[in-house]
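What follows is one structure encoded as C-alpha cells, with my remarks underneath.
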Amino acid sequence: MRLRLERRLEQRWWHAVAAPVGAVVAALAVGAVFLAIEGFSPLTVYRELFKASFTSAFGITDSLAIATPLVVTGLAAAVAFRMNLFNIGAEGQLYAGAIGGAWAGLALGPHLPAPLAVAAVLAASAVGGLVWALPMAVFKAWFGTSEIITSLMLTFVAQYLMRYLIFGSRSYWRDPESTNFPQGRKIAEAAELPQFGTYRIGWGLVVVVAVAVAVWALIRFTSVGFDMNVVGTSPEAARYAGISTVRVVLMGLLLSGALGGLAGGIEVAGRAHALDPNGLELGLGFTGIVVAALARYNPFAILLVATFLGGLRNAGVALQTLPGARVPVEVSLMLQGAILLFAIGAEIFVRHWLRLVRSGLGPAAGAGLSTAADPGEPVGPAGRAEVTA
Amino acid sequence: MNDAAFVALLAASVVAGVPIALAALGELLAERSGVLNLGVEGMMLIGAVVAFQVGNSSGSLWLSLVVGALAGGALALVHAVLTVTLRASQIVSGLSLTIFGTGLATFVGKSIEGLPLATDFRPVAWEPLADLPVAGPVVFDQDPIVYLTVVLSVAITWYLRRTRAGLSLRSVGESPATADSMGIAVARLRYLHVVAGGVLAGAAGAYLVLGQVPAWSQDGTTSGLGWIALALVVFASWEPMRVLLGAFLFGFSRQLNFYLQAKGVDVPAELLSMLPYLLTIVVLVVWGSRDLRRRVGAPAALGLPYVRDER
C-alpha cells in the first residue's frame, strides 16, 4: 500500500480556504512544541498573542500600523512572483526608497504645501526603489542573469549604503547636531503622513489600500497587465502572440522595485520621519514575500494576510513584556516561517488529494510517495495566477 | 609578501572561506540533483545555534559539529518533502526555510546570546612545515576542518566524475525523465542530495561558532554568508574545486576590511563591506548569463519539479 497524490475531480471553494487555515493551525502546533521546549506555556503565549493584537482598539490599530508597509512589500513581491520573476530584494528596494523619500522630505518638504510634500516623498521613494531594481531588471531582461541573486546582493549593498549615510559619514541625511549617537535628520512636518488622532495609524493605510486596488486594476484591466499574465503563465504563448518578453520582464521587475521603494517612503513619511537605519531594518521587505505567497499573489488577499502578519509581529513585541514570562520577540518570526512552510505544503491539496493505492498497480512504482499530475500542468506560482486573476 | 599583516590576512581568508565553501559544496550537491535550495542561510543559523548549545553542554567539539550538521539536514528534509514530493515552488519553499530557520535560531538562541563558547577548533601546526615563510601560517597551520573541507572538495569532484552514483546524480539534474526511464530513482536521489546539502550547510554554520567566533549573535553569526554561498555555486559553474577557490576569494574580500583598517587606510567600513556583494553581482553578470550558462554547466533541470505523468 502506498500513498499517491491524485488530481481532484471536483474542486470546491472551501478547499482553497481550508489549506491556509489548516496551515496556520499546524504551524501553531509546531510553534507550541518549540515554545514548550524553551519552557513557555504555549496556550498562555497564544492567548496573550491574540489579546495583544486583536482585542483592544490600540492593539488593532498597532497591528494595522505594522501591516501598512507589509501591504506594499507584499504587492512588490506579488507583481514579480506571479510572472515567475523572483525579486526577493524588496528589503533593499525599501531602503533605497527610504533614502529617496527622506531626501525629498528634507529638500522639497519645507517648500511645498502638506499634500504635495507627502506626494513628493512617496514619488521619490518609488523612484529610489525603481533605480535600485534597475540593474536586476536590466541584467535579467537582457542577459538572463538570475534576479534572485542580484536582487539579494543589492539588498546588502543598500543596507550598507543607508548605514554609511547615517553612521559612516556626515551626509545630507544625517542630523548635524547628533555627534555621539548619529541619527537621521527629521523631514519637514508638511511631508509627514497625518495620523488619525492618537492612534499610530494614519493616511498611510489609505494610501496602501489605494495602491492595492491600483495594482489589481492594472493586472485585471490593462494590456500591460494582460501581457504580464501571459508571460507569467506561458512564455511560449507570449512569444507566439508577439509579446516582447524583454519589455514585459523589465516592466514587471521595475514595477516591483518601485513598490518596494514606496514601502520605504511610507515608513519615512508615516512613522520614522527620518532616514533611520535602526527603525527601518525590520525585515519588512522579506516578510512581504511571505505575505504575497500566503495571499497567493492576490492584491485583496494581501490586505488580509498583511493584517494577520502585522498582528503577529505586533504581538511579538507585546509578548516581550508579558509579566512572568518574557517571550523573545523572535517567536513571531518563527511562527511566520512555520505558517509559510505549511501553507506551501498544503497548496497542492487544493487541487490534489492523497489516495491509498495497492503497490505495483500504478506506473510510478519505486518511489515511496510518488507524485503525479497531468503533464504540462503549470506548477509553481504561474499555476496559481489563474486562481487569483 | 614578507609583510606579517598580509600573511595573517591570507591565513584568515582561508578560515573565513571554509564555511562559505562547506555551504556552497552542499548547495552544489542539491543543485546537481536539480533542486535549488534558498534556505542555506536558515540551515546555517540552525547549525550554528545547535552546535553552540551542544558544545556548551557536552564540551565535545566533534559532537557539536555533527549534531549541528544533522540539524541543518533536518531542515533540508522539510525542503525535500515540500519540493520533491509536494511539488511546491523551490524558490518559495527555500525562502520560507530561511525565514523559519532564522526565526527558530534567534528564538532558541535568545538565551545564549553573549555567552562564550567553552570549546573551539584550534590550528594544528605541521612541524616543521609550519615554520615556512607565508606558506607555513597559510597552509600548514590551520584547524582540522580547513583540511577536511579541501579533502571534501576533492572527494565530491571524484564522486561526480568517476563514480556510478555521481553519474546518476548528474543525469537526474540534467534530465530527470531520461534518468527515470533508465531506472534511476529520481525522487530518492533528490531527497538524498538535498539532505546532504543541508548537512553541509549545518556543518558550515557549526564551524562559524566552533572555528571562527566562539559566540552566538543573531545577525553577526552568518551575516549573509548563506546567500554568498548560493551565488558562489553559480560563480563556480557547479564545479567543486572552483567552489573551493571561489570561497577563499570571498573569504579574502571579507577579511580585507580588517587588514586595511589595521594599515590605517581610511576607507569607510560600510563601503568595504559592500565589496563581496558587488563582486558577486559582477561575476554573475559575466558568468551567469543565459548563453554562457549552458556552456558553464548549469544542471538543465535546475529548479524544475519532476512529475512523472500519469494517465
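Each reported figure results from applying straightforward, stated rules to the coordinates on display, with no laboratory input. Bear in mind the structure is a predicted one, so any value in this text is a computation, not a measurement. No Cβ is skipped: glycine too gets one built from the backbone with ideal geometry, and neighbour counts run over all protein chains shown.
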Practice problem: Mind checking which aspartates and glutamates have their Cα closer than 13 Å to the Cα of B:Lys263? Skip sequence neighbours fewer than 8 apart in that chain. | Solution: B:Asp3
Self-check item: Pairwise FRET efficiency - A:Asp175 versus A:His111, Cβ, R0 = 25 Å, nearest 0.05
Solution: 0.80
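Relative contact order for segment B:7-111 using alpha-carbon pairs under 8 Å, separation at least 6, rounded to a whole percent?
Numbers: 102 pairs, mean separation 35.0, N = 105.
Normalised by residue count, the contact order of segment B:7-111 is 33 percent.
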Practice problem: Find how many whole Å separate the alpha carbon centroid of segment A:95-140 from the alpha carbon centroid of segment B:244-262. | Solution: 34
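Report the relative contact order of segment A:185-278, percent, no decimals, based on alpha-carbon pairs under 8 angstrom and at least 6 residues apart.
Contact order relative to length: 37 percent.
Give, in nm to one decimal, the length gained when the segment between A:Asn278 and A:Ala29 is fully stretched (0.36 nm per residue of separation minus the Cα-Cα distance).
Working: separation 249, 0.36 × 249 = 89.64 nm, distance 3.26 nm.
Net length gain for the segment: 86.4 nm.
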Self-check item: Calculated log₁₀ intensity ratio I(q)/I(0) where the Debye formula runs over C-alpha points of segment B:1-123, q = 0.10, 0.11, 0.15 Å⁻¹
Solution: -0.39, -0.46, -0.78
Quiz item: Can you give the mean number of other chain Cβ atoms that lie within 10 Å of the Cβ atoms in peptide A:339-347?
Solution: 6
Self-check item: Of the trypsin sites (Lys or Arg not before Pro) in segment B:175-263, those whose Cβ has at most 16 other Cβ within 10 Å and which sit in DSSP loop
Solution: B:Lys263
Self-check item: Exposed GluC sites (Glu not before Pro) absent - longest run of chain A, DSSP non-H/G/I/E/B, at most 11 other C-beta within 10 Å
Solution: A:178-389
Quiz item: Around A:Gly184, which amide H atoms from residues at least 5 apart in sequence, or from another chain, sit under 5 Å from its own amide H, with H modelled in the peptide plane?
Solution: A:Asp175
Quiz prompt | For A:135-144, mean number of other protein chain Cβ atoms within 10 Å | solution = 3
Quiz prompt | Helical contribution to [θ] at 222 nm, DSSP H n ≥ 4, -39,500 (n - 2.57), averaged over chain A, rounded to 500 | solution = -20500 deg cm²/dmol
Quiz item: For A:Gly202, which sequence-distant residues (separation of 5 or more, or a different chain) have an amide H within less than 5 Å of its own amide H, given hydrogens modelled in the peptide plane?
Solution: A:Phe196
Exercise. May I ask you to derive the relative contact order of chain A, considering only C-alpha pairs under 8 Å and at least 6 residues apart, and to give it as an integer percent?
Key: 35
Quiz item: Short version: ³J(HN,Hα) in whole Hz for each residue of segment B:89-105, in order, from phi by Karplus 6.51 cos²θ - 1.76 cosθ + 1.60 (θ = phi - 60°), x for Gly and Pro, what are they?
Solution: 4, 4, 6, 5, 4, x, 5, 5, 4, 5, 5, 5, x, 4, x, 5, 5
Self-check item: lysines with Cα under 30 Å of B:Lys110, excluding same-chain neighbours fewer than 8 positions away
Solution: A:Lys51
Quiz item: Scanning chain A for trypsin sites (Lys or Arg not before Pro) in DSSP loops with at most 12 other Cβ atoms within 10 Å, what's the longest stretch left with none?
Solution: A:13-169
Self-check item: Exercise: per-residue mean of other protein chain Cβ atoms within 10 Å, B:273-284
Solution: 5
Quiz item: Using modelled amide H (1.01 Å from N, peptide plane; none on Pro or chain starts), what sits under 5 Å from the amide H of B:Val124, excluding residues fewer than 5 places away?
Solution: B:Gln142, B:Asp143
Quiz item: Can you give the longest stretch of chain A with no exposed loop site, where a site means chymotrypsin sites (Phe, Trp or Tyr not before Pro) in a DSSP loop (not H, G, I, E or B) with at most 15 other C-beta atoms within 10 Å?
Solution: A:200-389
